Amino acid sequence: MNALALEPKVISLANTLGVSGGDAVTAIRDYCIKRIQTLTRSARSSLRTIGDLQRVLCEKLNLTIHEVWSDAELGQIVGSYVARGEMVFAYLQCDLDANTYGVLIRLNQRVGKQYAWVAVVDCRGEKRHRRFFTAWHEIVHCITAADQYELPFRRTIIGRKPSDPLERLTDVIAGDVAFFDPIFRPHLDAEAARDANLTFETVERIRDRFCPEASFESTLNACVARYTQPALFLKAGMILKSAEQAALDSPQKEFFKAPAPRPQLRVINTIRNEAARKIGLHIPPHFRIPGSSVITDTFRAGSGTTTHSLAPESLATWMTSGGKKLPALKVNVVARKIGEEVFALLSTQPYACRT
């Protein structure tokens, strides 16, 4: 069972929504998919793109989404809603701080028996790269809102590892619905069949066809999760081992006489699909990338370089300093350097070699 399913807040939300089952996360995810199917039933034949789905859901949920691209636009939104008596907007400029990417606000007015909602998505500066996912994060919050329990104001805070279990759960569900399977899967199946496997080029074409506003990484995550063959997405960078980072962060670090540890090329995080899970394809976070790996070659190359393995790479060559090895699975690797990180796709299917 997912550890998130044991969080009291997640269990409480499941109870509030009236869903049950052994796994609260699965129950809430299923609830959201069924709610979307119900809300869009009358418009299903017209849902061609993810934009169509967002438009219909917002209409049914009485949700208005504002994208803010400048301080001036934010000021205009604040002034407009404050003039209508929605005084919570007066604090919006302070609430949208460096770590807050969006807010969901329940208005005082109702449409019929339901409240009206407003989501403000911060697209200023680097936040613009996450605007697609932030919007769907707010839509999920609106889907799971229960009027009698829900607070009228909710902030979406983005960090390396969100601490609030409901925010982590909402991210998971946003990944489901932002790439709604009935709309997304036909693109994935067609493009993956064209390449006979999953590559970065496959993902780029799917993104262009499905939703160019979605980030490459979020599209890649969705492709891996839904791909029918074993696949794992790995992000690598120069980081410390968990124990080394903990020692470095310790208040007593000045008492250690040993030299400070040096970062090495390690796994930052991974996403694997169900097929990969069944064959035991798994690489733990912070695992060191061996020098013989295509991933290391790609990291040493210039940014934007894509490298394909010419032969299967055995994970048995991946070893910790203590001698622990990964299972002896043979995988093919395609890797691309993006900034100071490497994105890698590991698959049990052969890749067509490209130069």
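The values are calculated or read from the model by the stated rules, or taken from the named source; none is laboratory data. From a predicted model like this one, the values you see are computed outputs, not experimental measurements. Note that we place each Cβ from the backbone using ideal geometry, even for glycine, and neighbour counts take in every protein chain shown. SASA here: full protein model, heavy atoms, side chains in, ligands and nucleic acids out. Shrake-Rupley method; radii C 1.70, N 1.55, O 1.52, S 1.80 Å.
Below are the figures for this structure:
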| quantity | calculated |
| --- | --- |
| Helix-only mean residue ellipticity at 222 nm for the chain, each DSSP H run of n ≥ 4 adding -39500 (n - 2.57), per residue, nearest 500 | -11500 deg cm²/dmol |
| Rounded percent of accessible protein surface that carbon and sulfur make up, segment 18-58, 1.4 Å probe | 47 |
| Contour minus Cα-Cα distance for residue 168 and residue 204 (0.36 nm per residue) | 10.3 nm |
| Label point distance in nm, residue 109-residue 196, each placed 7 Å from Cα along Cα→Cβ | 5.9 |
| Fraction of accessible area attributable to carbon and sulfur, segment 158-227 (%, probe 1.4 Å) | 50 |
| Residue 42 versus residue 77: modelled label distance in nm, points set 7 Å from Cα along the beta carbon direction | 2.8 |
| Relative contact order %, the chain, counting alpha carbon pairs below 8 Å whose residues are six or more apart | 12 |
| Taking all pairs of distinct alpha-carbon atoms in segment 1-90, Kirkwood radius in angstrom | 16.3 |
| Accessible area expressed per residue, segment 22-79, with surrounding protein chains retained (probe 1.4 Å, Å²) | 53 |
| Only Lys, Arg (+1) and Asp, Glu (-1) charged, at Cβ; segment 1-92 dipole about Cα centre in debye | 500 |
| Using alpha-carbon coordinates, inclination of helix 181-195 to the longest axis of the chain, degrees | 30 |
| Where segment 254-316 is the region considered: accessible area per residue in Å², 1.4 Å probe | 57 |
| Cross-link table 9/325; 127/325; 278/325, entries beyond 29 Å C-alpha to C-alpha | 9/325; 127/325 |
